[in-house]
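> Here's a structure for you.
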Amino acid sequence: MPLSSLNEEQYAAATAPAGHNLVIASAGTGKTSTIVGRIAHLLRSDVAPENILLLTFTNKAAGEMIARLGNYFPNNYISRIEAGTFHAVSYRWLRKNRPDLTLKQPGELKTLFRGIYERRNFSRMNVETEPFAANYLYDLYNLYQNASLDSFDEWLLQKYPEQEILIDAYIDICQEYEATKDEFGFMSFNDLLLNTKKYIDDMDISFREILVDEYQDTNTLQGSLIDTMKSQSLFCVGDYDQSIYAFNGANIENINTFTKRYPDAKVYTLKINYRSYYPILSLANRVIERNPRIYPKRLEVGRKGEGEAPRLLQYKELFEQYQSIAHRIKESYRDYEDVAVIFRNNASADGIEASLRELGVPCRRKGGTSFFESKEVKFLLDVMAFLINPKDMMAFIHIYEYANGVGVALAQEIFKLFVHFGDGNAMRGILNPVVYDLPLPKRITSYQLGLFDDDPDFAPSGRFDAMGLEKRISEHPLLKHPKMTQDAVRFFADTVALYSSLDKDRRPSYLLRQIISSKLYSRIVDMLSKQRAKNRSGEIDDDKKELAKERILRKARLLLDLSMNYTETDRFLNAMILGGGELSEGSGVNLLTVHASKGLEFADVYVIDLMDGRFPNRKLMSRNGGDIEEERRLFYVAVTRAKDRLYLSYAKYDRVKKSDFKPSPFLYEANLLKSEACDIISQNEEKG
């Protein structure tokens with residue numbers, strides 16, 4: 001039984017009586033083992049698996065816990081446990097009642113939002129206040145959904161009272177955005193939770209116990225969803241010292257006020273760390289104890305042996321830091337996969353990645369642009385998404401943005417034309433139009449809200465006769481649109497050829513092979529490889545182009561490999577959206593933002609760029625409503641990833657920007673620096 005391997009503290013938590021239980025699980029103290037032990041205890045106490053809900057922040061974490069339980073219980077028994085992320089679980093519940101539900105990535109919805117925003121002409125409103133940019137307003141709206149139960153205008157005016165004169169325009173944009181999503185059946189990640197909360201009574205959902213992992217990272221919306229489910233018992237595991245997602249709406253008050261909101265709550269503390277040696281934990285304690293202590297605790301060492309003391313590496317210049325650390329990693333005996341370089345900002349990763357690759361050291365980055373957000377992968381998924389659901393306007397827009405001269409606004413217009421030509425079905429409008437006239441609906445004009453639009457005139461399609469188009473293309477009513485160019489027509493012809501060959505009922509791997517081998521995808525590969533092969537002069541480097549093409553096709557093959565595990569295309573697409581962020585490419589040294597490193601552990605850890613302004617990041621603190629306490633928690637998370645050896649580094653000068661740096665205050669708090677005149681490791685010593 002999983003319970004037999006638990007220590008005294010873990011066992012007490014795992015076998016707690018039903019009710020409101022909070023487990024404070026510090027870094028490396030075995031929270032996963034405790035959660036697995038708790039579920040085993042529930043099952044042994046005759047709680048049916050379908051009456052247990054496990055909520056995690058990655059589907060990988062949920063899968064690992066269920067897999068551990070599989071060592072003690074039949075797989076067909078534990079598979080009845082409802083487990084996954086808040087979004088994945090909500091998606092499964094909603095899907096039963098909304099089979100047409102189309103989940104969209106934030107980047108796609110931001111494009112939709114921006115298109116709606118750009119139809120407003122704020123200059124006509126004749127106000128002195130500078131309006132928010134489209135992307136910033138979108139980010140604010142999403143943050144509001146996660147962080148507040150008030151109305152958007154109330155929430156926004158509390159933060160930005162100077163924007164009051166523009167609030168009606170902002171609300172109008174958000175309302176049209178929501179209406180457009182409803183029209184096309186789109187849902188954001190936030191919508192999954194909002195709709196689950198709204199319809200939970202209708203879905204007849206109830207559990208004997210809800211277990212929540214990483215409770216400190218829950219936001220206001222997730223907290224209210226948990227309350228809405230009214231479980232008989234709640235088992236929350238988290239650590240306020242690892243709450244690092246305030247920028248994304250995480251509400252540390254959820255864990256801080258647990259005992260106030262639930263007066264009958266019991267609090268259990270796991271304080272024995274089995275991951276790191278004493279010197280690393282001692283450093284972590286010295287820094288994090290400067291934050292307010294909500295629930296008393298202090299990490300204790302559970303690992304035998306003394307271990308090496310953390311080392312401070314100081315360099316005269318920024319890039320020397322990256323080069324020296326790359327040499328140190330190359331010369332160490334560690335497997336590269338067991339080494340991590342952790343940084344506060346993605347900008348820090350470029351220098352260390354370049355230095356490692358120069359030495360032939362393989363590395364992989366996580367915490368930056370997702371594999372699934374790369375243009376070549378996203379295009380393949382969009383082509384499949386539009387095949388499965390011709391109402392998916394965003395997939396269509398992303399496809400058509402690759403046609404020369406066709407932007408977001410025109411792509412949206414063309415999509416509506418296809419819906420019109422197909423009498424309500426865009427795919428039919430592309431392949432077999434049944435309506436040939438070209439009226440466009442008149443749009444509402446409101447100068448108060450900055451709206452404007454005019455209907456275009458239409459042009460004869462005969463202007464494309466010299467192109468030698470096949471009949472089904474040359475006679476298509478789309479060619480009468482005045483903004484269609486020869487390039488856009490060729491793109492349309494390739495689109496028709498591809499979709500004519502695809503059968504949406506085939507397996508996703510079969511469809512992907514057809515798309516990858518199509519003329520349309522060849523066009524995309526050529527376009528992207530040329531863009532990535534341009535020199536500063538604007539000329540195309542043929543060698544770089546071939547390398548870029550090879551990398552693009554390698555990503556396509558990786559996506560094809562992932563599709564082999566699925567028989568239904570819609571399930572494959574939604575799995576890529578819900579779980580795509582958890583996957584990373586390649587092997588070698590791990591280059592991670594602090595946020596991406598959370599929950600992981602490595603033998604050797606380098607925390608780099610520990611300069612005041614970079615870590616802590618003063619700009620992000622002021623922009624995202626953070627504070628030095630959250631930056632300190634980020635530092636704590638970074639250093640507690642190390643099992644054996646910890647290196648902390650900073651540089652004094654950036655020769656590119658010609659700017660001086662001061663050491664991070666966390667280095668003083670860790671007693672690694674006592675004053676600016678303290679002894680340090682010189683660059684010469686480092687090379688030795």
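The values are calculated or read from the model by the stated rules, or taken from the named source; none is laboratory data. None of these values were measured; they are calculated from a predicted model. We place every Cβ from the backbone using ideal geometry, glycine too, and count neighbours over all the protein chains shown. For accessibility, only protein heavy atoms count, side chains too; no ligands or nucleic acids. Shrake-Rupley method; radii C 1.70, N 1.55, O 1.52, S 1.80 Å.
> Rank by packing, highest mean first: peptides 258-266, 191-199, 562-570, with packing defined as the count of other Cβ atoms within 10 Å averaged across residues. Could you put the intermediate results ahead of the total?
Working: 258-266: 13.1, 191-199: 19.0, 562-570: 16.3.
Ranked from most to least packed, the peptides come out as 191-199, 562-570, 258-266.
> I would also like to ask the following. So how far, in whole Å, is the C-alpha centre of segment 213-277 from the one of segment 1-28?
15 Å
> How large, in Å, is segment 461-515 by the Kirkwood hydrodynamic radius built from its alpha-carbon pairs? Display every interim value, and only then the final one.
On the way: mean 1/r = 0.0797 Å⁻¹.
About 12.5 Å for segment 461-515.
> Quote the charge dipole size of segment 99-251 about the Cα centre in Debye, to the nearest 20; the model charges only the Cβ of Lys and Arg (+1) and of Asp and Glu (-1).
Values: 12 positive and 28 negative charges, 56 e Å.
Charge dipole of segment 99-251: 260 debye, to the nearest 20.
> Could you rank Y72, Y91, Y177 by how accessible they are, 1.4 Å probe, largest area first? Spell out each step's value before the answer.
On the way: Y72 100, Y91 25, Y177 5 Å².
Greatest to least solvent exposure: Y72, Y91, Y177.
> Still on this model: Residue separation times 0.36 nm, minus the C-alpha to C-alpha distance between K198 and A265: what's the value?
Numbers: separation 67, 0.36 × 67 = 24.12 nm, distance 2.69 nm.
Extra length from K198 to A265 when fully extended: 21.4 nm.
> A further question follows. Heavy atoms of the protein only, probe of 1.4 Å, neighbouring chains included. What is the accessible area of H41 in Å², nearest 10?
H41 exposes around 50 Å² with every protein chain in place.
> Sticking with this one: What dipole magnitude, in Debye to the nearest 20, does the chain give about its Cα centre under +1 on Lys/Arg Cβ and -1 on Asp/Glu Cβ?
Working: 92 positive and 96 negative charges, 279 e Å.
Dipole size: approximately 1340 debye.
> Once R0 is set to 56 Å, what does the formula 1/(1 + (r/R0)^6) return for the Cβ-Cβ distance between R334 and E475, expressed as a FRET efficiency to the nearest 0.05? Present the calculation step by step, with values, prior to reporting the outcome.
Working: r = 66 Å, r/R0 = 1.17.
After rounding, the FRET efficiency stands at 0.30.
> Run the helix sum for the chain: -39,500 (n - 2.57) per DSSP H stretch of 4+ residues, divided by residue count, reported at 222 nm to the nearest 500 deg cm²/dmol. Working shown, then result.
On the way: 31 runs with 316 residues, N = 688.
About -13500 deg cm²/dmol.
> Still on this model: If Lys and Arg each add +1 and Asp and Glu each add -1, what is the summed charge of the other residues whose beta carbon sits under 12 Å from the beta carbon of V408?
On the way: positive: K110, R114, R119; negative: E108, E118, E401, E413.
Local net charge: -1.
> Let me ask something additional. Less than 12 Å Cβ to Cβ from A670, Lys/Arg counted +1 and Asp/Glu -1: what total charge do the surrounding residues give?
Values: positive: R286, R290, R311, R632, K674; negative: E289, E669.
Summing Lys/Arg as +1 and Asp/Glu as -1 gives +3.
> Counting only protein heavy atoms and a 1.4 Å probe, tell me what percentage of the chain's accessible area is made up of carbon and sulfur. All intermediate terms of the calculation are to be shown ahead of the outcome.
Details: 14690 of 31200 Å².
Carbon and sulfur atoms account for 47 percent of the accessible area of the chain.
> Let's see if you can work this out: charge +1 on each Lys and Arg Cβ, -1 on each Asp and Glu Cβ, no other charges. What is the dipole magnitude of segment 13-120 about its Cα centre, in debye to the nearest 20?
Details: 15 positive and 7 negative charges, 88 e Å.
Taking the Cα centre of segment 13-120 as origin, the dipole is about 420 debye.
> Same structure again: Step by step: find N for segment 459-550, compute 2.2 N^0.38 Å, then divide the Cα radius of gyration by it. What's the final number?
Values: Rg = 16.7 Å, N = 92, 2.2 N^0.38 = 12.3 Å.
This ratio for segment 459-550 stands at 1.36.
> Set the Förster distance to 56 Å, then compute FRET efficiency between V127 and V656 from the Cβ-Cβ distance, nearest 0.05. Don't skip to the answer; put the middle values down first.
Details: r = 40 Å, r/R0 = 0.71.
That pair, V127 with V656, gives E of 0.90.
> What net charge do the residues around L211 carry, taking every other residue with its C-beta under 13 Å from that of L211, with Lys and Arg at +1 and Asp and Glu at -1? Walk me through the numbers on the way to the answer.
On the way: positive: K31, R38, R208; negative: E82, E209, D213, E214.
Spelling it out: positives minus negatives among the neighbours equals -1.
> Continuing with the same structure: Counting only heavy atoms of protein chains, what accessible area per residue, in Å², does the chain have with a probe of 1.4 Å? Write out the running numbers ahead of the final one.
Working: 31200 Å² over 688 residues.
On a per-residue basis, the chain sits at 45 Å².
> Using mean Cβ contacts within 10 Å as the protection proxy, how do 601-612, 294-305 order, highest first?
Details: 601-612: 23.3, 294-305: 15.0.
Taking the mean over residues of other Cβ atoms within 10 Å, the ranking is 601-612, 294-305.
> Using the Cα centre of segment 1-127 as origin and beta-carbon charges of +1 (Lys, Arg) and -1 (Asp, Glu), tell me which of H87, Y72, A18 is placed farthest towards the positive end of the dipole.
Among H87, Y72, A18, the one farthest towards the positive end of the dipole of segment 1-127 is H87.
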